[in-house]
Amino acid sequence: MIEATIRAHIDHWAGQTPDAPFLIEAESGRTITYGKIQGELTAFAGALAARGMQPGDSIGFAMTNGIDTARVILGCLTGGYLATAVNLVAGAQTISYVLEHSQARMIFVEDGTRALLEQATEGGQNLVTLDAAWMDQAVGPPTPNPQDDGLLMYTSGTTGRPKGVILTQAALIAGGRNAALAHELTPADRALCVLPLYHINGLCVTLMGPLISGGSVVLPPKFSVSSFWRHLRAHACSWFSVVPTQINYLLHAAVEHGHDRAGLEALRFGRSASAPLAPEVQRGFEDRFGIPIIETMGLTETAAQILSNPMPPGERKIGSPGIPFGNDVIIGDAEQRELPRGQEGEILVRGDNVMRVYRDNPQATAEALTPEGWLRTGDLGRMDADDYVFVTGRLKELIIKGGENIAPREIDEVLYSHPDVIEAAAFPRTCPQYGQRVEAGVMLRDGSNLTEAAMIALCRDAVGAFKAPDRVHVLPELPKGPSGKIQRMKLADLTDAEHVA
């Protein structure tokens with residue numbers, strides 16, 4: 001068995017298949033093999049050691065996707081340093097907090113991100129650009145252990161300061177293993193990574209998954225509707241991982257511009273994560289493209305995936321993120337006791353992939369991790385007789401109207417059933433009569449004539465007048481976190497009178 005460290009897995013594949021490709025740059029086609037990356041990562045980790053970095057020191061990366069970004073992340077992990085993700089869309093103030101809270105001793109940047117980091121660090125101290133000269137100076141790097149801290153990634157909460165999730169080397173390996181197990185990945189598989197590596201989905205699924213399975217990953221700098229299919233064809237990718245909003249963008253672009261399966265013979269499946277996938281969107285995508293979408297569920301605190309639908313010909317249940325793979329999942333009551341099948345409660349997860357702690361936040365850690373080792377996800381759901389979980393909402397996002405709990409997702413799915421709706425999210429608005437009332441924000445396709453009245457009528461027909469939104473606000477785009485998840489709790493402020501469409 002390979003030791004649960006990044007270095008051990010790099011060394012394994014470098015020994016077994018040194019000439020096999022691992023990292024591929026999407027536009028140029030530049031390729032790094034397992035044999036070549038082994039030497040480069042050792043040199044990178046040794047260069048950190050030569051500059052006085054100690055095992056466990058926080059090393060930040062503020063870079064868009066690419067081979068150099070993967071090299072920085074894996075190089076830090078190879079030497080036992082704490083790779084600290086900097087969310088490039090978080091804003092200078094939040095980035096400044098993250099760098100201060102993480103005590104990052106060095107932050108790797110590139111030409112396109114340097115200005116933002118100079119603003120966040122008030123002058124650009126400790127900013128480093130990776131180049132060949134930087135790696136010339138190296139000594140023998142330290143050797144990490146499975147229980148050493150490996151990754152520090154901050155959650156994008158809707159309120160308050162983000163929390164720093166610490167994942168050990170073993171947890172990162174477990175996260176990649178769970179994805180490889182659920183999706184039956186082999187050395188022949190090639191992923192297209194369009195989600196940022198500073199987010200857990202991009203890092204643990206589409207970087208660690210191929211590393212665990214000995215496969216390869218194609219790295220464009222960002223997601224682009226116009227280049228997505230071109231990259232899949234050019235590199236004969238067998239799978240991709242995206243978020244529901246991106247699936248919707250791809251679907252609507254295909255409806256407008258056309259699409260066919262030519263050149264995609266290697267493509268086995270697409271993967272959806274980070275937010276619930278509306279059944280109508282999933283069916284529409286699969287009908288249009290003939291590509292199975294595997295809905296999954298994961299968290300930063302669990303090194304990404306905790307649930308996945310099985311691969312074909314296994315049963316995929318539309319509307320469910322699937323069954324546990326590689327960890328335990330139960331539905332718990334208020335005291336975290338397992339509930340009978342079919343009853344709604346909090347989704348709890350336990351396994352090697354669960355975080356160690358929130359950095360310097362013992363109160364939040366104690367609230368999230370039970371003495372029995374269960375992580376409280378904050379998500380509500382139920383589990384059926386076949387172990388499939390159905391997510392019904394978030395504990396903190398329930399709309400309580402006149403004492404009745406209304407799950408926002410129920411409204412979302414009705415709105416997504418209309419072909420003109422690209423994004424949708426219901427949210428609560430303070431109301432003197434009921435305490436809270438239901439409203440929703442939507443983004444419509446270009447040229448749509450869909451009216452607010454028609455959308456409200458659609459919801460009333462589906463869920464009744466009491467649950468239906470009183471207002472539906474048409475917006476250019478809904479607010480989202482770095483994972484692509486819609487931040488519905490920001491919609492009330494965004495749709496105040498001066499913003500209402």
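The values are calculated or read from the model by the stated rules, or taken from the named source; none is laboratory data. In this text, all values refer to a predicted model and were calculated from it rather than measured experimentally. Every residue, glycine among them, receives a Cβ derived from its backbone with ideal geometry; neighbour counts consider all protein chains shown. What goes into the accessible areas is simple: the full protein's heavy atoms, side chains included, and nothing from ligands, DNA or RNA. Shrake-Rupley method; radii C 1.70, N 1.55, O 1.52, S 1.80 Å.
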| task | Averaging over all projection directions, find the projected area of the Cα convex hull of the chain and quote it in nm² with one decimal place. | result | 23.6
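My understanding is that a pair violates if its Cα-Cα distance is over 25 Å; which of K396/K480; K163/K396; K36/K485; K222/K396 do that in this structure?
Result: K36/K485; K222/K396 exceed 25 Å.
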| field | DSSP-assigned coil residues among GluC sites (Glu not before Pro) in the stretch 425-501, each with at most 14 further Cβ atoms within 10 Å | value | E477
| query | Which percent, nearest 5, of DSSP beta bridges in the chain are antiparallel? | reply | 60
| Residues E184 and R30, FRET efficiency given R0 of 35 Å [Cβ-Cβ distance, rounded to 0.05] | 0.80
| note | Once amide hydrogens are built 1.01 Å from N within the peptide plane, the residues lying 5 or more places from F22 or on another chain with amide H under 5 Å from its amide H are I32, T33, Y34
| With all protein chains present and a 1.4 Å probe, how do V474, V354 order by accessible area, largest first? | V474, V354
| task | Write out the GluC sites (Glu not before Pro) in the stretch 1-58 meeting two conditions: DSSP loop, and at most 14 other Cβ atoms within 10 Å of their Cβ. | result | E27
| Solvent-accessible surface ranking, highest first, for F325, F108 at 1.4 angstrom | F325, F108
| remark: Helix 169-182 sits off the longest principal axis of the Cα atoms of the chain, rounded to the nearest 10 on a 0 to 90 degree scale, by 60
| query | Which value, in Å² and to the nearest 10, is the accessible area of D446 when all protein chains are kept and the probe is 1.4 Å? | reply | 130
| said: Out of all DSSP beta bridges in the stretch 230-368, what portion is antiparallel? Express it as a percent rounded to 5. | reply: 65
| remark: Computed from the beta carbon distance with a Förster radius of 41 Å, FRET efficiency for S448 and D19 to the nearest 0.05 stands at 0.20
| task | On each of the three principal axes of the Cα atoms of the stretch 183-229, give max minus min coordinate, whole Å, ordered largest first. | result | 28, 22, 15
| message | Angle check, please: helix 452-463 long axis (alpha carbons) against the longest principal axis of the chain (alpha carbons), in degrees 0 to 90, nearest 10. | response | 90
| Reachable lysines from K401, Cα under 18 Å, same-chain residues fewer than 8 places away excluded? | K467
| task | Give me the net charge of M153's neighbourhood, meaning all other residues with Cβ under 13 Å from the Cβ of M153; Lys, Arg count +1, Asp, Glu -1. | result | +1
| query | In Å², what does the accessible area per residue of the stretch 387-494 work out to with a 1.4 Å probe? | reply | 45
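Which of the peptides 241-249, 180-188 is most tightly packed, and how do the rest follow, going by the mean number of other Cβ atoms within 10 Å of each residue?
Final packing ranking: 241-249, 180-188.
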| query | Debye sum, Cα scatterers, the stretch 341-449, no solvent: what log₁₀ I/I(0) at q = 0.24 1/Å? | reply | -1.18
| request: Return a whole-number percent for the relative contact order of the chain, with Cα pairs under 8 Å and 6 or more residues apart as the contact set. | output: 11
| request: Could you tell me what % of all Cα pairs in the stretch 402-501 have separations over 19 Å? | output: 38
| query | How large is ³J(HN,Hα) for each residue in the stretch 123-139, as worked out from phi by the Karplus curve 6.51 cos²θ - 1.76 cosθ + 1.60 (θ = phi - 60°), to whole Hz, x for Gly and Pro? | reply | x, x, 5, 6, 8, 9, 10, 6, 8, 4, 5, 4, 8, 5, 8, 8, 10
| query | Hey, what angle do you get for helix 67-78 against the long axis of the chain, alpha-carbon based, 0 to 90 degrees rounded to 10? | reply | 70
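Using helices alone, what [θ] at 222 nm do you get for the chain, with -39,500 (n - 2.57) per DSSP H run of 4 or more residues, divided over all residues and rounded to the nearest 500?
Value at 222 nm, helices only, nearest 500: -8500 deg cm²/dmol.
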| field | Stretchable slack from D496 to A266, in nm (0.36 nm times residue separation minus alpha-carbon distance) | value | 78.0 nm
